[in-house]
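Chemist: Got a structure for you, questions after.
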Amino acid sequence: MHLMSEKDAASGGLRERKKRATRAALTEAAVRLAAEHGAEKVTVEAISAAAGVSVRTFFNYFDTRDDVFVLTGADTSEHVRRALLGAPAGLTPLEALRDALAAELAEAEQQHELWRLHGQVLRAAPHLFVRSLGAHLADETELAEAIAERIRSGPGSPGPGNPGDAPAPPAASDEERRRALDLYPRLLAAAAVTAVRVGIDHWCARPEERAFGDVFQEVFTLLAAGLPAPPA
């Protein structure tokens, strides 16, 4: 029984990697074709052929042709959510979210051209751009729900400081805690998603200056510091 469980886990991991690879191949094929010919001229048949899969396989991953352009990181929110909820208890919500996003973007250096082309495709197709915004807002909402769940469960939630810290502020009332739990996760999710977008846009425009990881860490350091004004 124990050996079967380990085999099943290994098989599940392999299936997951294959699924992600197929989705990535379809997305890359669609973006490259759209960048060359225009999104409106790209068909499901052409995307499937370029990715080396059948049309039936395409629809196993995407409900419509447009989804392949919009849902570039469809698995990302679930992976980030799991990492966020499983992060060490000593991390603040912002630190846990930063680390979860960093892990998901670990291979960003290899995605520069695809990200650049994807942005080009969305800017040239307003209806895809609008749909992309909607998808990002939905991801942001799910991320906020995960942040709220982490805070409610205890790890990284605001509370008394460590020994030697400044005196803790007066305990919040139940109503104050409820209002904060309604607002804080949404604000943190929106700020983090924006920080990632700004970091990606900045890096894509000048990838030769610094590694993406360095840009990513800087935007989150600025966010954690409360966005102080730069030196005059």
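Chemist: Can you send over the carbon and sulfur percentage of the accessible area for region 10-124, probe radius 1.4 Å, protein chains only?
Modeler: On the way: 3160 of 6180 Å².
Of the solvent-accessible surface of region 10-124, carbon and sulfur hold 51 percent.
Chemist: Could the peptides 14-26, 118-130 be put in order, highest first, of the mean number of other beta-carbon atoms found within 10 Å of their residues? Walk me through the numbers before you get to the answer.
Modeler: On the way: 14-26: 13.8, 118-130: 16.2.
Highest-to-lowest ranking by the protection proxy: 118-130, 14-26.
Chemist: Find how much the distance from Leu133 to Glu149 grows on full extension, using 0.36 nm per residue of separation minus their present alpha carbon separation; answer in nm with one decimal. Before the final figure, lay out each step's value.
Modeler: Numbers: separation 16, 0.36 × 16 = 5.76 nm, distance 2.44 nm.
Taking Leu133 through Glu149 to full extension adds about 3.3 nm, to one decimal.
Chemist: Any chance you could check the Cα centroid distance between region 14-40 and region 59-126 for me, in angstrom?
Modeler: Each part reduced to its Cα centre gives a spacing of 14 Å.
Chemist: To one decimal place, what Kirkwood hydrodynamic radius in Å is obtained for region 177-220 from all pairs of distinct Cα atoms?
Modeler: Numbers: mean 1/r = 0.0865 Å⁻¹.
One decimal place: 11.6 Å for the Kirkwood radius.
Chemist: Additional query: With bins 10 Å wide starting at 0, give me the P(r) of region 34-74 over every alpha carbon pair, in whole percents.
Modeler: Cα pair-distance distribution for region 34-74, in percent: 29, 61, 10.
Chemist: Return the distance in nm (one decimal) between the two label points of a simple spin-label model at Leu227 and Asp201, each offset 7 Å from Cα along Cα→Cβ.
Modeler: Going from the Leu227 label point to the Asp201 one covers 1.3 nm.
Chemist: Classify region 6-141 as rounded, prolate or oblate, taking a ≥ b ≥ c as the square roots of the eigenvalues of its Cα gyration tensor: rounded when a/c is under 1.5, otherwise prolate if a/b is larger than b/c and oblate if not. Present the calculation step by step, with values, prior to reporting the outcome.
Modeler: Values: a/c = 2.23, a/b = 1.41, b/c = 1.58.
Taking the square roots of the gyration eigenvalues as a ≥ b ≥ c, region 6-141 is oblate.
The values are calculated or read from the model by the stated rules, or taken from the named source; none is laboratory data. These figures come from a predicted structure and were not determined experimentally. Positions of Cβ are backbone-derived with ideal geometry, glycine not excepted, and every protein chain shown enters the neighbour counts. Areas reflect the complete protein model, heavy atoms only, side chains present, ligands, DNA and RNA absent. Shrake-Rupley method; radii C 1.70, N 1.55, O 1.52, S 1.80 Å.
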